[in-house]
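Below is one structure, written out as structure tokens; comments come after it.
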Amino acid sequence: MATGIKSIPMQFQSDRPSGEGRRLSSPEGFATRNSVESRKTLVEALHLRKSYGSHLAVKDVSFSIQSGEVLGLLGPNGAGKSTTMFMLARLVAPTGGEVFLNGHKYDGRSLDQRRLIGIVPQEYAIYEELSAIGNLTFFGKLYGLGRKTLKSRCEEVLDEVGLTGSAHRLAGQYSGGMKRRLNFGIALMHKPPILILDEPTLGVDPQSRSLLMDCVRRQTAEGGCVIYASHHMEEVQTICQRVVILDQGQVIANDSIHRLLAGVVADLFLYVDRSAGIGNELGDLARVGTGSNEEPVVIVSGDKKLTLDHVDNSTLPNDLEIIATDIAPEALDLGWRLEATLCKLKKLGIQVLSVETQQSNLERLFLQLTGKRLRD
Amino acid sequence: MSGWYITVKDLLVLTRDKQALVLLLVLPLVLISVIGISTGQFLTRDDNVERVKIVVVDQNEGSVSLSFVAGLRQMPEFLITSVSSMDAAFDALRSGEASLILLIGPKFQELVDEIRMRDIFDMTDGLPVTGLASLDLTVKTRSNSGAIGNLMEAGMFSQVIKFIVPIAARKNPVARNWLRSREDADATDGISKGLPSVPNLRAKGNLVSQWVVPGFTVMFAYFLISIMARSFMVERDQGTMQRLLTAPVGTLPLLIGKTFPFYLTSALQCSLLFLCGILLFGMPWGSQPAYLIPVILCTSASAASLGLVLSTMVHTDQQISSYGTTLILVLSALSGCFLPRELCPKMMKQISLFTPHGWSLKAFDAVLNHQQIDPKQIATYCGMLLVFTAVCFTAGWWRFHHASEN
């Protein structure tokens, strides 16, 4: 029996076909403190495919994750996220493609390679009939932790996930948040360099979420990497440096969040005084607002959305009070656009009551890429 | 070692799952006790349940008929009650207080007096050719007693023959001399002493040891397949199976670790049931009870491995309930857990050998009910159980491996 935690070797001979990893990596993709050169690829998925009968759940998924990186794995329901994660952890055998862990091909047979992975399933993957310490001890033993290491590691993990005070209570008596934290803690027991998290904060309160986020940050600070699957876009935007978005079993985006968001339109809302009358001036405003004659200004009145180009000014509703403009940030800076619009309005004698901006975010990007069609 | 950790964990989980414990340990004890009570062999210790209850209506009331009834009373196999009228006798039959009515007609003594030795020697042409009616005797059983009723009637006829033989013999000079030469030639004594006793079932091993305890022990041993399948399903549903599969534990240690707790539980359950049979029912445990140990261990091994196969086949509670219960009941019924194997048709006995239950029952029967135990025979039975274990475990391992890969 092993007496301590196995650490991943810093130097390794890669089994990966030369050149393929370079092609897939996106060095600009993660904005972090460390330089790209100091990082190593911990996980690499190459052309993963999985079919269930005639249904192709995952078509051709490739990506890589470096040490110190949190990769968000996003996708609508049925996009193939879980299957991809299961293939990474070798819970499911891929129909095609390969997985490399720390440069070595991984087919699930090597028990040593299994130590590289810590998995946090979407379910409360804990034994409710055991206490927190019972759960941690059991899984610690499975990973070959010796008695002394086991004891100290249990204490550390309990402290990390904030369960020291309830360590001896049966997990079945825990609240949802506590169960989530224990679920997370079990994966940390053997200090795996690769953490695979499937909706780890599902249904937890902000306090527990914050604690779990800290755990993720600690993991990357210590040189590990995290694959973070979630539908909480805000959470992913906060914690991940890079995202892979899957849809219908294919990668439709794989880049740093910063770069991906740069291509997303932002909204500018101007609340104006309609009483002064704005009539034909709206046409000029449209061109100012968008910076392009081709992009229409949208006038919003209650639930109605009217495209200015197709509106007869005489039919404009009297209660019009919002002018919304879609602004393409890459065309022109949002601040400048706002300033220009305000100047134009002033010249037109239209009084601006208030201004609202809606920044581009991951959710907007996600919907833009995957569409709003409901998925089964 | 990893397998052992899983075993310890599952034993802990199992001991904290009160519902499973009740199903595995308490319920079999309750059921076996209920069956014990219903067969009159537990608590009440009512020996009368094993006796044939006979209501006698003696319309003759002569010295011979009184002597005949007195002889029947002394037989341990019969429980005799005399009533004065046929109505009362039929009431007793209808209410279940009696299994058989024996009507001794008014001509009984007269007809017995007419019996000669030739009538006995020539049963096809002599006086008793018409059976009981030839001596003015009538036997009534319940209309639905079928073959058992016929059997009781035949039994009564044989008792009558045994009774009249000494009487007829006294009328024959040669036979009379021979009878006189015996100390107990007295005809009256001869009635009781001359009647050979039916072998006492209790002396050989009663219903409890022949069927109730082994049959239900074997059935309950296989009951754990449902509990085991549920344990696998819960692991899958709660996500802990994902953890086990990603942990550095091979498939074989994982499956052994998951199976072993149920094996131990089954062995404990079997031992408890046998202990219960011995302590509560006074069940004899055979001439060499040590042989029970390998039989119990092999039975439990085959049950646990069958449980493994089921665990890899089912994915929902409904599937466990339907497949599990069907498998348990069908195999139990095929193998003869529900009724003594002796009563099973030959074909069923042969079919039962395709089930592990059948071999378990044969092994228990060999240990409990045979005075001379043949170690080779026990080894054969246990070997067959181990073959079932190996086949089922391999099938379970293959299915688990295949399922986890896909």
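Mind checking the angle between helix B:27-38 and chain B's longest principal axis? C-alpha axes, 0 to 90 degrees, to the nearest 10. The angle comes out at about 10 degrees.
For A:Tyr52, B:Tyr291, the ranking by accessible surface with the largest value first comes to A:Tyr52, B:Tyr291, using a 1.4 Å probe.
For B:Ile351, B:Ile293, give the ranking by accessible area with the largest first, probe 1.4 Å.
The ordering from most to least exposed comes out as B:Ile293, B:Ile351.
Under 5 Å between amide hydrogens, built in the peptide plane, is the criterion, and for A:Val251 it picks out A:Asp60, A:Ser62 among residues at least 5 positions away or on other chains.
In terms of accessible area, using a 1.4 Å probe and ignoring ligands and nucleic acids, B:Asp87, B:Asp113, B:Asp10 rank largest first as B:Asp87, B:Asp113, B:Asp10. Remark: mean inter-chain Cβ contacts per residue of A:133-145 equal 4, using a 10 Å Cβ-Cβ cutoff to other protein chain atoms. Basic side chains Lys and Arg get +1 at the Cβ, acidic Asp and Glu get -1 at the Cβ, and with that the dipole of region B:249-406 about its Cα centre reaches some 200 debye. Each peptide among A:124-130, B:158-164 gets the average number of other Cβ atoms lying within 10 Å of its residues, and from highest to lowest they stand as A:124-130, B:158-164. Within the assembled protein chains, the solvent-accessible surface assigned to B:Glu77 is about 40 Å², based on a 1.4 Å probe. Label zone (B:Trp398, point 7 Å along Cα-to-C-beta; backbone nitrogen cut-off 18 Å) within region B:305-346: B:305-314. Mean partner shielding of peptide A:84-93, defined as the number of other chain Cβ atoms within 10 Å of each residue Cβ, is 3. Shape index of region B:326-406: Rg/Rh, with Rg the Cα radius of gyration and Rh the Kirkwood radius from the inverse mean 1/r over Cα pairs, equals 1.09. From the Cα gyration tensor of region A:124-234, with a ≥ b ≥ c the square roots of its eigenvalues, which class applies: rounded if a/c is under 1.5, or else prolate if a/b is larger than b/c, or else oblate? The shape class here is oblate.
How many Cβ atoms of partner chains, on average, are near each residue of B:246-254 if near means within 10 Å of its Cβ?
Mean shielding count: 6.
Using the Cβ-Cβ distance between A:Tyr52 and B:Ala154 with R0 set to 60 Å, the FRET efficiency works out to roughly 0.35. Relative to the first principal axis of the alpha-carbon coordinates of chain B, what is the inclination of helix B:2-16, with its axis defined by its Cα atoms, in degrees from 0 to 90 and to the nearest 10? So the inclination is approximately 60 degrees. When nucleic acids and ligands are ignored and a 1.4 Å probe is applied, B:Phe223 ends up with an accessible area of around 50 Å². Annotation for A:Gln237 and B:Tyr323: the two label points, set 7 Å from Cα along the Cα-Cβ direction, are 4.6 nm apart. On C-alpha positions alone, give me the angle between the axis of helix B:213-238 and the longest principal axis of chain B, in degrees, nearest 10. Between the helix axis and the principal axis of chain B, the angle is about 20 degrees.
Checking the cross-link pairs A:Lys40/A:Lys179; A:Lys141/B:Lys18; A:Lys148/B:Lys9 against a 29 Å limit on the alpha carbon distance flags A:Lys40/A:Lys179 as lying beyond it. State the answer as a single residue: which of A:Ile227, A:Cys215, A:Pro200 lies farthest towards the positive end of the charge dipole of region A:176-227, with beta carbon charges of +1 for Lys and Arg and -1 for Asp and Glu, about the Cα centre. Looking along the dipole axis, the top candidate is A:Cys215.
Taken per residue, the accessible surface of chain B reaches 48 Å², heavy atoms only and a 1.4 Å probe. Counted residue by residue at 0.36 nm each, then reduced by the alpha carbon distance between them, the extension gain from B:Ala390 to B:Leu27 reaches 127.8 nm. Evaluating 6.51 cos²θ - 1.76 cosθ + 1.60 at θ = phi - 60° for every residue in region B:113-121, the Karplus couplings come out as 4, 6, 5, 10, 4, 5, 5, 6, 5 Hz, glycine and proline recorded as x. Around the amide H of A:Lys105, modelled in the peptide plane, lie the amide H atoms of A:Asp15, all under 5 Å away and 5 or more residues distant in sequence or on another chain.
The values are calculated or read from the model by the stated rules, or taken from the named source; none is laboratory data. Because the structure is a prediction, the values reported are computed rather than measured. Glycine also receives a Cβ, built like all others from the backbone with ideal geometry; neighbour counts cover every protein chain displayed. These accessible areas exclude ligands, DNA and RNA; they are computed on the full protein's heavy atoms, side chains included. Shrake-Rupley method; radii C 1.70, N 1.55, O 1.52, S 1.80 Å.
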